[in-house]
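Below: the structure, in structure tokens.
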Amino acid sequence: MNPTEKTVNYYDDNADSFLADTANVEFGEFQRAFANMLPKGGRILDLGCGSGRDSLAFLKEGFCVDAVDGSIQMAQAARKTTGLPVAHALFADYEPQNTYDGIWACSSLLHVAKDELPALITKYTVALKPGGAFYLSFKLGTHEGMRNGRWFTDMTEDSIRSVMADIDDLSVRSISTTSDVRPGRGTEQWLNIWCVKEKAR
């Protein structure tokens with residue numbers, strides 16, 4: 001079983017506890033900052049949607065949302081949460097159904113090997129409209145490998161800038177470090193990356 005399969009199996013096997021741990025986390029500050037980068041009523045791709053928490057928040061703000069998750073249990077939970085036809089697919093296999101004003105990859109692409117990230121992010125950048133926003137987040141650190149039953153690619157500001165330098169048309173606008181907002185996890189640090197697709201000249 002490869003690392004991707006192990007990670008998906010972890011979420012399938014631990015869906016209930018993961019959903020309980022994350023479904024009610026207050027993440028509004030980041031959602032609002034992302035929404036403010038988009039046109040009113042724009043279309044968002046929630047890449048690795050988990051419980052559907054963020055998809056639901058964007059729907060309530062009047063956005064159109066497509067959502068996908070690699071775990072069937074997570075995708076089913078997100079369907080119940082949002083009422084959307086959430087797709088069940090791995091990031092490498094999913095083919096975007098639209099062009100998007102924004103792509104939201106919150107705590108999701110951290111399960112992709114570092115050397116696979118440039119091609120994968122490029123694939124989704126193609127589906128992003130010129131001027132569109134792309135948000136990504138990773139755990140802060142240098143670890144890459146299995147941890148707690150899942151594959152994690154941790155990032156520092158230098159390492160994520162190195163990855164993003166290989167991606168045409170996508171510019172990093174800002175990077176910030178924040179503490180984990182889940183109860184009892186405040187010592188864990190996250191790297192938040194805000195990008196914009198360059199407009200054609």
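Worth pointing out:
- Criterion (under 23 Å from Glu5 (Cβ atoms), in contact (Cβ under 8 Å) with a residue 12 or more places away in the chain and β-branched (Val, Ile, Thr)) met by exactly one of Ile121, Ile103, Ile193, Ile160: Ile121
- Against the conditions (1) surrounded by fewer than 15 Cβ atoms within 10 Å (Cβ to Cβ); (2) free of Cβ contacts under 8 Å to residues at least 40 places away in the same chain; (3) not acidic (Asp, Glu), Ala75 satisfies every one except (1).
- Ser159 modelled with pLDDT of 95 or more and farther than 20 Å from Phe34 by Cα: yes
- Conditions (1) crowded, with 22+ Cβ neighbours inside 10 Å; (2) over 14 Å from the mean Cα position of the chain (by Cα): number failed by Lys60: (1)
- Any hit, segment 160-173, residues being among the hydrophobic types (A, V, I, L, M, F, W, C), closer than 27 Å to Asp21 by Cβ and touching a helix residue (DSSP H, G or I) at 6+ places or on another chain (Cβ under 6 Å): no
- Flag if Leu117 is in contact with a Leu (Cβ under 7 Å, 6 or more places away or on another chain) and assigned to a helix (DSSP H, G or I): yes
- Scanning segment 23-53 for residues that are at pLDDT 95 or above and charged (D, E, K, R) yields Lys40, Arg43, Asp46.
- Matching helices (runs of 4 or more DSSP H) fully within segment 1-70 where at least 2 residues are within 20 Å of Ile103 (Cα to Cα) and touching a residue at least 24 places away in the same chain (Cβ under 8 Å): 28-35, 53-60
- For segment 62-92, filtering for residues that are of a type in the set (Asp, Glu) and over 20 Å from Leu136 (Cβ atoms) leaves 0.
The values are calculated or read from the model by the stated rules, or taken from the named source; none is laboratory data. Since we're looking at a predicted model, the values are computed, not measured. Don't worry about glycine lacking a Cβ; one is built from the backbone with ideal geometry, like all the others, and counts go over all protein chains shown.
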